[in-house]
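Nothing in this text is a laboratory measurement; each read-out follows from the coordinates by a stated rule. A quick note: this is a predicted structure, and the numbers were derived from the prediction, not measured. Positions of Cβ are generated from backbone atoms using ideal geometry, with glycine treated the same way; all protein chains shown enter the neighbour counts.
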Amino acid sequence: MVRLSAARLSLTVVAAAWVLSGCARSSGPPLPPQPLAVELEMRRYRFAYTPPRVPGRVVFKISNGDTLVHDLVLLLIPKDVPPIDVQLRGTKRAFAPIIADLPPRSPDTTTSVAVDLAPGRYGLVCFVRDPDGQQHAQKGMAAEFRIFEP
Ligand SMILES: [Cu+2]
C-alpha cells in the first residue's frame, strides 16, 4: 500500500504540470531551466550523493543500495536551529518543516522526487527503526546541505 502525504501529492502535481507545460509548448516564453538531477543512494546508515548548491528545481533520483529498508525525509532547517547531527544526538528538538516524505523503500528499488529548493539549509533523515530500537538517523543516516543565493 502506498501512502501519499499532502506534500508528496503536491510535488507530484507540480512535476506533472511542469512536464505537460514543457511538452505542449512549441513557441512563446522561454522554458524553465532544466532541473538538476541528483543521484542519491541510501546506504547502510548514510546517504551517498553530491549535494545541490544552487536554487531551483532538483530531481532526486533515489535508490536503495542496501539490504535494509530505508526512508527519506527532506526537511527545511530554520536558520537558528543547530546542525542536524547535533539535533539528533541532543535532547532539545526544534521544528523543521517537511519538504518531502518518501515512504520506506525496499532494497534495490528506485524512485524520483522533484522539489523546488530556495536558498537555505536542508536536512535528509532516515527515520526507520532497527530491531535494537534505534532509528537509522541516530546511527548517522542524516545529512545537511545548503542552497546558496545565486
Ligand atoms: Cu535507513
From the residues Asn64, Pro103, Gln134, which one has its Cα farthest along the dipole of the stretch 37-150 in the positive direction, the dipole being from +1 and -1 charges on Cβ of Lys/Arg and Asp/Glu about the Cα centre?
-> Gln134
When N counts the residues of the stretch 27-119, how does its alpha-carbon radius of gyration compare numerically with 2.2 N^0.38 Å, as a ratio?
-> 1.25
How much FRET efficiency would the formula 1/(1 + (r/R0)^6) give for Ser106 and Val54, where r is the Cβ-Cβ distance and R0 is 25 Å, rounded to 0.05?
-> 0.20
Taking the stretch 64-132, which chymotrypsin sites (Phe, Trp or Tyr not before Pro) meet the DSSP loop condition and have no more than 14 other C-beta atoms within 10 Å?
-> Phe95
Quote the FRET efficiency, to the nearest 0.05, computed for Arg146 versus Lys92 with a Förster distance R0 of 22 Å and r equal to the Cβ-Cβ distance.
-> 0.55
